[in-house]
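Just so it is clear, none of the values below were taken in a lab; they were calculated from the coordinates. Just so it is clear, the structure is predicted and the values come from calculations on it, not from any experiment. Please note: Cβ atoms are built from the backbone with ideal geometry, for glycine as well, and neighbour counts cover all protein chains shown.
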Amino acid sequence: MPVPELLARRGLKLDEFRQSIERDVRYANITIIEGIGASQYGIGMVAGRIAEVVLRDEQAVYPVGAHNPRHGVALSLPSVIGRAGVSEVLWPAMSAEETAGVEKSAARLKEVVATYVK
């Protein structure tokens with residue numbers, strides 16, 4: 001189900017939801033630092049959990065960066081992860097604006113990578 005439809009069913013406004021998610025993501029690191037004085041613990045916890053998923057071949061869904069042949073660069077998208085790594089990328093339903101944003105990000109990443117990798 002597309003996110004806007006799900007939000008509408010719950011009586012939530014898409015713009016407010018986006019702003020909330022952006023704020024949470026933007027300030028997550030500082031929130032961790034304020035709480036425990038450092039952010040490396042959060043990174044360690046995520047890395048440990050992903051290692052568990054791989055070792056147990058859980059086929060769990062996490063937003064991880066993996067090479068995306070469609071764009072020629074690594075993108076972080078919801079992906080099924082197991083012992084073989086990323087077995088499937090789950091492309092969320094996106095608006096034209098969101099799709100354009102992903103395309104723009106991928107193009108920029110490809111441009112930057114090309115300056116370092118010949």
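Applying a threshold of 8 Å to beta carbon distances and a minimum spacing of six or more residues, or different chains, the list of pairs starting in the range 90-118 at a residue that is farther than 19 Å from Ser79 by Cβ and in contact (Cβ under 8 Å) with a residue 40 or more places away in the chain and ending at one that is of a type outside the set (Val, Ile, Thr) and in a helix (DSSP H, G or I) reads Ser95/Pro4.
Would you check if there is a residue in the range 29-40 being more than 30 Å from Ser87 (Cβ to Cβ) and within 16 Å of the chain's Cα centre (by Cα)? The answer is no, given that none of the residues of the range 29-40 is more than 30 Å from Ser87 (Cβ to Cβ) and within 16 Å of the chain's Cα centre (by Cα). Checking the stated criteria, Val25 turns out to be among the β-branched types (Val, Ile, Thr) and either farther than 23 Å from Glu97 by Cα or loosely packed, with under 12 Cβ neighbours inside 10 Å (or both). The residue that is farthest from the chain's Cα centre (by Cα), among those in the range 76-118 that are surrounded by fewer than 12 Cβ atoms within 10 Å (Cβ to Cβ) and basic (Lys, Arg), is Lys118. Screening the candidates Ser79, Ser20 for the property of being free of Cβ contacts under 8 Å to residues at least 24 places away in the same chain, touching a strand residue (DSSP E or B) at 6+ places or on another chain (Cβ under 8 Å) and of a type outside the set (A, V, I, L, M, F, W, C) yields one hit, Ser79.
Just to be sure, is Val73 surrounded by 13 or more Cβ atoms within 10 Å (Cβ to Cβ) and in contact (Cβ under 8 Å) with a residue 40 or more places away in the chain? Here the answer is yes, as Val73 does meet what is asked.
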